[in-house]
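Structure first, commentary second.
Read-outs: derived from the displayed coordinates by stated rules, not from any lab. Treat the numbers as computed from the prediction; the structure is a model and nothing was measured. Methodologically, a virtual Cβ is constructed for each residue, glycine included, from the backbone with ideal geometry; neighbour enumeration extends over all protein chains shown.
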Amino acid sequence: MDTVARVIRLLLADDDPLVRMGLRLMFAGVEDIDVVAEAADGDEAVALTAEHAPDVALLDIRMPVCDGLAATQALRALPTAPAVIVLTTFNPDDYVLRALRAGAAGFLLKDTPPNDIVDAVRRVAAGAPVLSPAVTQQLIAQIRTPPAEPATDARARARARLERLAAREYDVARAVGDGRTNAEIAARLFMSVPTVKAHVSSILAKLEVTNRVQIALIVHDAAPDSPAGV
């Protein structure tokens, strides 16, 4: 019996019409991804999401009126929230980290090869983050410079959230914080990969987050030498 492949509904948001055109043309040749709407700023992205119900939103991190960070927060608060990928011309920085904390599934540099952008949209539509373990480690490295004053309150909040976890869930969360894959965690903690996946799903629910990057950031924030709250 033939089955119809699911088509991913995609929203593009960028204040540069040439960038939007380039992305639209790129996705025009992809059978399983349909660009259903285009926005020039975050406010328009939120309005068009309510109208077109995209599965994934690909947002420029820096836009006028309402930037990608504010748009990510607004989109993730919707009852039928799309997965969000933020776009940037810069390497991981504080602004991107804030977007990840807001619920973005990951980020892409604008010079990412087209095939990788297409693959990223497919991955987040399937519930997976677009950040590789190596990129997760790079992001965490970016926030190791201590702030002017210790963020003890943020660290205490992070530790309190981790206290919701059972012992083995905590071990898995720490391994996620190290940027390890499910297979690496399974080998490290003498578990099966399905068991690791089950623990990760439970951790996401207990910490009230949507992806592995947010788990890693909470683990980092709770660390004794961490500048929490970045």
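Each peptide among 165-176, 62-73, 17-28 gets the average number of other Cβ atoms lying within 10 Å of its residues, and from highest to lowest they stand as 62-73, 165-176, 17-28. Highest-first packing order for the peptide set 193-200, 44-51 is 44-51, 193-200, based on the mean count of other beta carbon atoms within 10 Å. Compactness of region 1-72 is given as radius of gyration and Dmax, 12.9, 49 Å, from Cα positions.
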